[in-house]
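> A single structure is presented below for examination.
The values are calculated or read from the model by the stated rules, or taken from the named source; none is laboratory data. Since the structure is predicted, the reported quantities are computational estimates derived from the model, not experimental observations. Cβ: placed from backbone, ideal geometry, glycine included. Neighbour counts: every protein chain shown.
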Amino acid sequence: MTGAGRLKSVKRGVRKGGESAKAAIGHIADRIIDIAPRVPVRDLATLRRHFPGLGPEEVADRLIAGASRATATVGAGIGAAAMMPVPPAMLAELAAEITGVAAIEMKLVAELHEVYGLRPPGNIAQRSTAYLTSWTQERGIDVGHPTTVNAALGGQMKRELRQQIMKRTARDLPNLIPFMIGAAVGAMMNRRDTRKLADRVRKDLRARQVPWDRLTELPPLERPESPYPVPTEYPPAAEAPKTAPDPNEEP
């Protein structure tokens, strides 16, 4: 094959690879929207049982630390997947790993809202939409502002969320694929990004926090019909009780 022919083949491969990556990101976005209502969330009463004697800030610290360790573990898998020699297998692995990170972070976002006394109103589908919006926008939900808590995941909102998720997911893939970063850097990147997300959401929630002693008693959160298995490191290994509670436990 001539040099020009090889160059044309490379360009064609790059173009096809880009199309495959775009399609994969769209699939990931749809998958994240589908699993959002299935992410199990501990309500405030359950969190206080899991972290006895701690106040809101301390509980939030523990949640963020645990989620950061969990996404770092998944990030190591993403980094290793980026070194796989077969692109289709790599994209499939990345899709599974990125979805896992999204589930961990959505669970964190939801439980931070519980800790700060700012549970969005509505049923499990409506709340999951609010948390998904919070995750994609990296902002806390203003439960007193109706426009931030949409009543249903309608067609227009789903399209908007899908675009936001695709933009957010696309930030990771270009960083991972070209440089074949490996497990260690993948873990570091995920830990950093989860903490950054948590800091932004937490800042918003702190500004509107309802102290625990002023909260009216809330009903237990519904358990999803088919809970998504969220990878979670809880409690911190150095402080684990003799019998650690299930991180996905619902009251």
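> Go through the residues of segment 76-87 one by one and say whether even a single one is crowded, with 23+ Cβ neighbours inside 10 Å and modelled with pLDDT of 60 or more.
Within segment 76-87 (the criterion being crowded, with 23+ Cβ neighbours inside 10 Å and modelled with pLDDT of 60 or more), the answer is no, since none of the residues qualifies.
> A further question follows. TRP135 fails exactly one of the following numbered conditions: (1) surrounded by 23 or more Cβ atoms within 10 Å (Cβ to Cβ); (2) free of Cβ contacts under 8 Å to residues at least 60 places away in the same chain. What is the number of that condition?
Just one mismatch for TRP135, condition (2).
> Something else: Does ARG42 satisfy the condition of being at pLDDT 80 or above, within 22 Å of PRO219 (Cβ to Cβ), charged (D, E, K, R) and not in a loop (DSSP other than H, G, I, E, B)?
Details: at pLDDT 80 or above: yes; within 22 Å of PRO219 (Cβ to Cβ): yes; charged (D, E, K, R): yes; not in a loop (DSSP other than H, G, I, E, B): no.
No; evaluated as a whole, the condition is false for this residue.
> When you go through GLU138, GLU111 one by one, which is the residue that is in contact with a Leu (Cβ under 6 Å, 6 or more places away or on another chain) and modelled with pLDDT of 90 or more? Even if it seems obvious, please write down each step before you answer.
Numbers: GLU138 fails: modelled with pLDDT of 90 or more.
Just one listed residue meets the conditions, GLU111.
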